[in-house]
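Here is the structure we will look at.
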Amino acid sequence: MPTCSVSSIIFLALAPNGTNIIPVSYSQAKTLTKLIKFQVDPPGTPTREQLLEKYVTPSVLYGNTCILILHHPAQSSTHNSSGSQIVIYTVHRLLQTTRKTHILHLQCSGFFQISTIDNLILVHHQGSSSTLLFDIGSDSDSLDPVNIKPMIKPMPMKPCIVDLPGQEPFQCPLYSANWVIFQPNIIIDAFLGFLWYVDIDLSILCELDIPTEKLVNFLLRRKTEKALPLLIKVIEDITDPCKEPKHDLKVISQVFDLINTAYRKQLNKLAQPHIGTPAGQLTSQPTVIKDTGPEKIVVDEQTMCSNIFSKFSEKKNLPNYNGEFGIKVILEYLRSLNDLQIPFQDLNNLLIDCLLREKHGLSRLHNLLQYRVLPDSKSLACLLLSLKNIYPPALQLSLDMLKRLGNADDEIMEILLHKKLILPTIRFARNADIINQLSARKFLEAAQETNDPTLFYSVYKFFEQSNQRSKGITNFSDSVLCQSFVEHMKNLFPEENKSLNNQKRVLR
């Protein structure tokens, strides 16, 4: 009667041979819920068709309760290269059903013991003194069982050496017949009296010849504290603009799609409690999402910028730096974000920094902006504004972007005023229906700094008329602090001041 304490499920094997199993869920409220009975295949040995407890391992993998059953090949089929198998039956709580989902091909026969850690299945083979590694994580929706082979070649455990007082270091025998295994990852040597916790060194897998896409997908399913640094190292290695030979952009594209698909899922989860909130207002950090499934790594834009793309600038002075490759990598990442409809901001500055160091980089930047590859933002508009001296079209690009944003009237007017385009600024304010919000002092000061009497006169008269419309008088109130500009107007146009005084005498 195997029990999975993590998921609180008892598996009851029914007579006569134990292949009919009833999962029973129990709770702290002392209630039992019987799930639908299912039938498993017998172990397959010719002398024993009965399913014994030693062939059964209950576990929780990727948030699902599973029961792993070891099958040995019949003697008549020992020539079968697949050897023994582990068949996995997965319990679906919502449907209250259990079905065969995976078949692990061990490719050897003999005595096996099973440990599970970090949603990985470790199968210890006594005959070869090695351990096989299986990962059942996949997005397959097939109703048929998925056949899975070991992810890497069988490898032995790290030797365990114990320092004994007054004696030479003692090396514990591994894969001993005295081992007793408890789930998920405890091994006890009943003869020596030692207890171990099994762990896995993921960094070793990064050194093996595993396809990059497969390795990244594998690391994305591991726990953050272990796998995130390794995942960043793998991404940094394939995107390094100084490394030769360069990795295939197609592989890099697939890697970006993998990490951004996980990122998109995180944004969807965050958006559920905030229905109606624009995606651009949702922020995220490198995080672990906890749900009914496993902990999941999320590599967001901020993580990529701080750990990967920002290092491009640090390497720009190295002799083997390939800026063109760096730009292609960033553009490929942008493509992946756009395809998955993920908003981004931090990447703009890094991309522009790379473009500015390359020949024809500004014209390429112009094209990216025209085709809206880069999203509009105030920060990007301000960055473009800073380029106006080396690339004059950047000013118009900045203004166009601010106009598209629709909430940047103040920024547009500041830009125009900074360029001493005073009358165009007033016309823009009139079109935006914010003419009454203008500061007379700011505009008169800007007009005075141009040393253009005609321009100053036009601006001064505009605000006089504005005063007349809003207050019924042309005079500036003391609160706007424009007395110095009134005196300046008198000095520039004394004849108009005399005419005004004569009009006042006639009125008297």
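Hey, THR97 hits all of (1) over 16 Å from ILE200 (Cα atoms); (2) at pLDDT 90 or above; (3) surrounded by 14 or more Cβ atoms within 10 Å (Cβ to Cβ) but one; which does it fall short on?
(2)
Exactly one of these conditions fails for ALA432: (1) within 29 Å of LEU383 (Cα to Cα); (2) over 45 Å from the mean Cα position of the chain (by Cα); (3) without any contact (Cβ under 8 Å) to a residue 24 or more places away in the chain. Give me its number.
In the conditions (1) within 29 Å of LEU383 (Cα to Cα); (2) over 45 Å from the mean Cα position of the chain (by Cα); (3) without any contact (Cβ under 8 Å) to a residue 24 or more places away in the chain, ALA432 misses (2) alone.
Let's see how each residue does on (1) closer than 22 Å to PRO241 by Cβ; (2) surrounded by 14 or more Cβ atoms within 10 Å (Cβ to Cβ):
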site: GLU332; (1), (2): yes, yes
site: GLN341; (1), (2): no, no
site: SER377; (1), (2): no, yes
site: LEU384; (1), (2): no, yes
site: LYS388; (1), (2): no, yes
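Does ASP240 satisfy being loosely packed, with under 15 Cβ neighbours inside 10 Å, at negative phi and modelled with pLDDT of 85 or more?
When the stated conditions are applied, ASP240 does not pass them.
Pull up the stretch 197-223, narrow it to residues that are under 20 Å from PRO159 (Cβ atoms) and touching a helix residue (DSSP H, G or I) at 6+ places or on another chain (Cβ under 8 Å), then point me to the one that is surrounded by the fewest Cβ atoms within 10 Å (Cβ to Cβ).
By that ranking, first place goes to SER203.
Okay, residues lined up against (1) in the same structural domain as LEU385 (by TED's automatic domain parsing); (2) exposed (fewer than 12 other Cβ atoms within 10 Å of the Cβ); (3) modelled with pLDDT under 80:
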| residue | (1), (2), (3) |
| --- | --- |
| PHE443 | no, no, no |
| ALA447 | no, no, no |
| ASP452 | no, no, no |
| TYR457 | no, no, no |
| PHE476 | no, no, yes |
| ASN491 | no, yes, no |
| ASN497 | no, no, yes |
| ASN501 | no, yes, yes |
| LYS504 | no, yes, yes |
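Collect the residues in the stretch 322-349 that are in a loop (DSSP other than H, G, I, E, B), farther than 24 Å from LEU385 by Cα and in contact with a helix residue (DSSP H, G or I) (Cβ under 8 Å, 6 or more places away or on another chain), keeping them in residue-number order.
Answer for the stretch 322-349, where residues must be in a loop (DSSP other than H, G, I, E, B), farther than 24 Å from LEU385 by Cα and in contact with a helix residue (DSSP H, G or I) (Cβ under 8 Å, 6 or more places away or on another chain): LEU340, GLN341, ILE342.
Just checking: which of the helices (runs of 4 or more DSSP H) contained wholly in the stretch 421-495 hold 2 or more residues that are of a type in the set (Gly, Ala, Ser)?
Passing ranges, in order: 440-449, 453-471.
Yes or no: ILE352 part of a helix (DSSP H, G or I), modelled with pLDDT under 80 and either more than 24 Å from LYS311 (Cβ to Cβ) or not hydroxyl-bearing (Ser, Thr, Tyr) (or both)?
Answer is yes for this residue.
Report whether or not GLN107 is surrounded by fewer than 18 Cβ atoms within 10 Å (Cβ to Cβ), modelled with pLDDT under 90 and either among the acidic types (Asp, Glu) or over 32 Å from the mean Cα position of the chain (by Cα) (or both).
So GLN107 passes the test.
Could you check, for the stretch 281-302, whether at least one of its residues is surrounded by fewer than 13 Cβ atoms within 10 Å (Cβ to Cβ) and either modelled with pLDDT of 50 or more or at positive phi (or both)?
Yes; the residues of the stretch 281-302 include at least one that is surrounded by fewer than 13 Cβ atoms within 10 Å (Cβ to Cβ) and either modelled with pLDDT of 50 or more or at positive phi (or both).
List every residue pair whose Cβ atoms sit under 6 Å apart, with the two residues 6 or more apart in sequence or on different chains, where the first one lies in the stretch 473-486 and is within 18 Å of TYR457 (Cα to Cα) and of a type in the set (Ser, Thr, Tyr) and the second, anywhere, is assigned to a helix (DSSP H, G or I) and modelled with pLDDT of 75 or more.
Close Cβ pairs satisfying both conditions: THR474/GLU464; THR474/ASN467; THR474/GLN468.
Does SER142 qualify as being surrounded by 12 or more Cβ atoms within 10 Å (Cβ to Cβ), under 30 Å from ASP209 (Cα atoms), among the small types (Gly, Ala, Ser) and modelled with pLDDT under 90?
no
I need the full set of residues from the stretch 189-204 which are aromatic (Phe, Trp, Tyr) and over 38 Å from the mean Cα position of the chain (by Cα), in order please.
Once the filter is applied, which keeps residues that are aromatic (Phe, Trp, Tyr) and over 38 Å from the mean Cα position of the chain (by Cα), the stretch 189-204 yields PHE191, PHE194.
The values are calculated or read from the model by the stated rules, or taken from the named source; none is laboratory data. All values derive from a computational prediction rather than experimental measurement. All Cβ positions, even for glycine, are placed from backbone atoms using ideal geometry, and neighbour counts span all protein chains on display.
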